[in-house]
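Written out below as structure tokens is the structure these notes cover.
What follows draws every value from the coordinates through simple rules; no lab data is involved. Remember, it's a predicted structure, so these values are computed and weren't measured experimentally. Methodologically, a virtual Cβ is constructed for each residue, glycine included, from the backbone with ideal geometry; neighbour enumeration extends over all protein chains shown.
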Amino acid sequence: MTKQAKIGIVYHSGYGHTKVQAESILAGVSSVDGVHGQLIEAEAAAANLDPLDDLDGLVFGSPTYMGTISAGFKGFMDASSAKWMEGAWKNKIAGGFTNSSSQVGDKTGTLQAMSVFAAQHGMIWVGLDLPPGNNSSLGSDENLNRMGASLGAMAQSMADQGPDETPTKSDKDTAHYYGSRIAEATLRWMN
Ligand SMILES: Cc1cc2nc3c(=O)[nH]c(=O)nc-3n(C[C@H](O)[C@H](O)[C@H](O)COP(=O)(O)O)c2cc1C
């Protein structure tokens, strides 16, 4: 019988932009047959960690604040030390995404923090395998992976626009693709 995979998308979003990205990750996860995804707000996850034990994969999402993860997401990370002590999340699939207002914005620091966190838990980190977009004279902001990330999915949201306007469709499509990649990796890891 084909196994069913369960993936949680644990995210923090102060003003809604990273939530849009999280929703695209969820749509990508859910597009893969045999995989069920769910959004879990980071503060709620920190308050009740046990439901995460049952999941096969976790995708971490945070805005980049001051060059790294937000305090809202860090609270979840620190609360998870109880699970670290038990090795409860060992061998789950993991990935991460982040969003910020600047093109670079030091977003790599956020994904690095998440990948180290996943490694501490003994999780299996899945990077983004899309080639970098918008890095040649033929490129544009409409390219997938226009941020040129490898560690996870990045998005950029204009500082003066709400989450109904930004990030771009290309960033949402990049997140969708990444969600499907993590779902497929989870199925392969389980079988
Ligand atoms: C406290 C704080 C720190 C921020 N630091 C950065 C930063 O280091 N780099 C950047 O590009 N944008 C930074 N921003 C902008 C946010 O990353 C951006 O507005 C993002 O879209 C917010 O996502 P959210 O709506 O999910 O909270 C910062 C915003 C706040 C509130």
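Quick one: count up the residues across the range 68-90 that are without any contact (Cβ under 8 Å) to a residue 60 or more places away in the chain and in contact with a Ser or Thr (Cβ under 8 Å, 6 or more places away or on another chain).
So the answer is 4.
Having 1 or more residues that are crowded, with 24+ Cβ neighbours inside 10 Å and within 16 Å of the ligand (Cβ to nearest atom) is the bar; report the strands (runs of 3 or more DSSP E) wholly within the range 1-112 that clear it.
5-11, 57-63, 93-100
Filter the range 145-170 for residues that are within 15 Å of the ligand (Cβ to nearest atom), under 19 Å from ARG181 (Cβ atoms), part of a loop (DSSP other than H, G, I, E, B) and hydrophobic (A, V, I, L, M, F, W, C) and give the result.
Correct list: MET147, ALA149.
Output the qualifying pairs, or none if there are none: Cβ atoms under 9 angstrom, residues six or more apart or on different chains, first residue in the range 92-106 and in contact (Cβ under 8 Å) with a residue 12 or more places away in the chain and under 12 Å from ASP56 (Cβ atoms), second residue charged (D, E, K, R) and near the ligand (Cβ under 8 Å from one of its atoms).
Correct list of pairs: empty, since none qualify.
Considering only residues that are hydrophobic (A, V, I, L, M, F, W, C) and surrounded by 13 or more Cβ atoms within 10 Å (Cβ to Cβ), look in the range 128-138 and name the one that is farthest from MET77 (Cα to Cα).
It comes out as LEU130.
Applying the selection to the range 113-127, what residues are touching a strand residue (DSSP E or B) at 6+ places or on another chain (Cβ under 6 Å) and either among the aliphatic types (A, V, I, L, M) or loosely packed, with under 13 Cβ neighbours inside 10 Å (or both)?
Scanning the range 113-127 gives ALA113, MET114, ALA118, MET123, ILE124, VAL126.
How about the range 135-164: which of its residues are polar (S, T, N, Q) and either free of Cβ contacts under 8 Å to residues at least 60 places away in the same chain or farther than 17 Å from LYS107 by Cα (or both)?
Matches in the range 135-164: ASN135, SER136, SER137, SER140, ASN143, ASN145, SER150, GLN156, GLN161.
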